[in-house]
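What follows is one structure encoded as structure tokens, with my remarks underneath.
The values are calculated or read from the model by the stated rules, or taken from the named source; none is laboratory data. Nothing here was measured: the structure is a model prediction, and the numbers come from that model. Please note: Cβ atoms are built from the backbone with ideal geometry, for glycine as well, and neighbour counts cover all protein chains shown. Remember, those area values only see protein heavy atoms, side chains included, never the ligands or the DNA or RNA. Shrake-Rupley method; radii C 1.70, N 1.55, O 1.52, S 1.80 Å.
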Amino acid sequence: MSTGASTSLQELSLYAAIGPARLTKLVSTLSAITGMRPLPVLQHHIVFSPTSPAPSGALHPAVGPAATQLEASRIDVHRDLTPAAAADSQSEDDGPTKSSSSSWTLTVRTIPESSKRNVQVQYINRTVFGSVDQVDTDDASVLFRFLRALNYVYAYDYIERGYVFVHGGVVVIKLTQLSPQSPPQLHEIPVGDGDDTVADNVARHRDPAAAEFVGVWVVHARVDILTGSDSVGDDLEKVAIATERLEALKAEIAGVVELGIPDRGILDPRVQIRKEVLHTV
């Protein structure tokens, strides 16, 4: 397994949630203001949670208050399932495109910061993993064993579909809906020493064509700012500009959708899937 560059970002965001009946109008509006057709999104996400030791020595997902405390420690691993993404990861001699050949991206997020700004602020690190040799090394298996060695286990997974727009070359607007692929509660998935292959099997056998999408459509408008050694220029000035761009977009599409700072529920895929829990506007 080889790793690509690790990218650290400060993400400024605004969110909204809409019902399916309002999707067509929103897509039309975003196409008009961005001057582009929507880019399709289809991704498989597998979420890992840190574990707590059981008396037997086996590892189990934390529950109760411990689960709440560890919520920020979840790790999201996803791969693109769109035909273009799968094709890019193969050569012309590889035969039919397989979604399992696309690279995996590992994402770690902090809990959103409390801020005086009218946007949500969150720090994110993303690392892309690619195989050294797809014949001898299964990239997903190695990655999942690495996470298990860190005492992270499979919690749940979901398929994400939707559209992406780019506004003014800066603001990325993503509209997505989710398909649940497992029980939504961490404690409903038993994990023991014999379950090392759970995530690997899920990664190999999930069929996006069979996914049934439910729940709300989440609108996520964001501006990403490079941090750390990749950062160039005045960070405070970049944050101010990013905030202005997001607020301008919010004003431009007001009446079609009302962007704002979300409660934490909208950020949790398990809540998005439960459409009766998340109030749509």
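Remarks
- The lone exception for S2 - which of (1) open to solvent by 60 Å² or more (accessible area, probe 1.4 Å); (2) at pLDDT below 90; (3) over 21 Å from the mean Cα position of the chain (by Cα) it fails: (1)
- The number of residues in region 117-149 that are open to solvent by 80 Å² or more (accessible area, probe 1.4 Å), modelled with pLDDT of 75 or more and assigned to a loop (DSSP other than H, G, I, E, B) comes to 2.
- Whenever a residue of region 19-33 is under 14 Å from G255 (Cα atoms), its partners that are among the polar types (S, T, N, Q) and surrounded by 14 or more Cβ atoms within 10 Å (Cβ to Cβ), lying with C-beta atoms within less than 9 angstrom and at least six residues away or across chains, give the pairs R22/T280; L23/Q177.
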